[in-house]
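Quick notes on the structure that follows.
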Amino acid sequence: MNVKAILTAKVSGALGGDIVCIEPSADLAEAVKLLSTHRIGAVVIRGAGGRLGGILSERDIVLAISEHGAAALTLPVSQVMTRNVATCGEDDSIASIMERMTAGKFRHMPVVAKGELIGLVSIGDVVKQRVGEIEQESEAMRDYIRTA
């Protein structure tokens, strides 16, 4: 299975496939509200021309608060976000992005095609897809054993 399967499932599922974004000039308090409203752990920052400018995760927010205290909430997102964002493509395997997320200790990965942001996958999306695959394989084995 690949990333495209995850994106397809997200678009057709209850969670939807929308990418939640925020402007780099927005303050951290606005980003926190956005994360809370959407019940998500990261938000994408779009740069010039709609390109991926960065990502802001809960971890980035905690680090900013640990350094600046409550004043961090007035900082612009661009000052707190992760700029060097690991991305993947639609054809990347689920195993490869699981490995990259685990090694890099991050939980969200933007999906890019032809330089354009087309989706966002979380470790939860990846695990859900992998569990589905394992259940299908298990059912196929049970069917095989019953007919053998």
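Just so you know, all these numbers are worked out from the coordinates, no wet-lab data involved. Please read all numbers here as calculations on a predicted model, not as lab measurements. Positions of Cβ are generated from backbone atoms using ideal geometry, with glycine treated the same way; all protein chains shown enter the neighbour counts.
Once both axes come from the Cα atoms, what is the angle between helix 123-147 and the longest principal axis of the chain, in degrees from 0 to 90, rounded to 10?
Helix 123-147 sits at roughly 0 degrees to that axis.
For Cα pairs less than 8 Å apart in space and 6+ apart in sequence, what is the mean separation divided by the residue count of the chain, i.e. the relative contact order in percent? Mind dumping the intermediate values first?
Working: 184 pairs, mean separation 35.1, N = 148.
24 percent.
Could you tell me which trypsin sites (Lys or Arg not before Pro) in segment 53-117 are loop residues by DSSP with no more than 12 other beta carbons within 10 angstrom of their beta carbon?
Here the sparse-neighbourhood loop sites are Arg83, Lys105, Lys114.
Suppose only helical runs count, i.e. DSSP H with n ≥ 4. What mean residue ellipticity at 222 nm does that imply for the chain under -39500 (n - 2.57) per run, divided by all residues and rounded to the nearest 500 deg cm²/dmol? Kindly include the intermediate steps, with their values, before the conclusion.
On the way: 6 runs with 72 residues, N = 148.
The helix-only estimate for the chain comes to -15000 deg cm²/dmol at 222 nm.
Helix 28-38: angle to the longest alpha-carbon principal axis of the chain, degrees 0 to 90, nearest 10?
Long axis of 28-38 versus the principal axis of the chain: about 30 degrees.
Length gain on complete extension for the stretch Lys105 to Arg51, per 0.36 nm per residue less the alpha carbon to alpha carbon distance? Write out the running numbers ahead of the final one.
Numbers: separation 54, 0.36 × 54 = 19.44 nm, distance 2.36 nm.
Stretched fully, the Lys105-Arg51 segment lengthens by 17.1 nm.
Quick one: Cys21, Cys88, fewest Cβ neighbours within 10 Å first, how do they rank? Write down the numbers at each step before the final one.
Values: Cys21 16, Cys88 20.
Final ranking by Cβ density, sparse to dense: Cys21, Cys88.
So what is log10(I(q)/I(0)) for the chain at q = 0.15 1/Å, when the Debye sum runs over its Cα atoms only?
Debye curve over Cα of the chain, log10 I(q)/I(0) at q = 0.15 Å⁻¹: -0.79.
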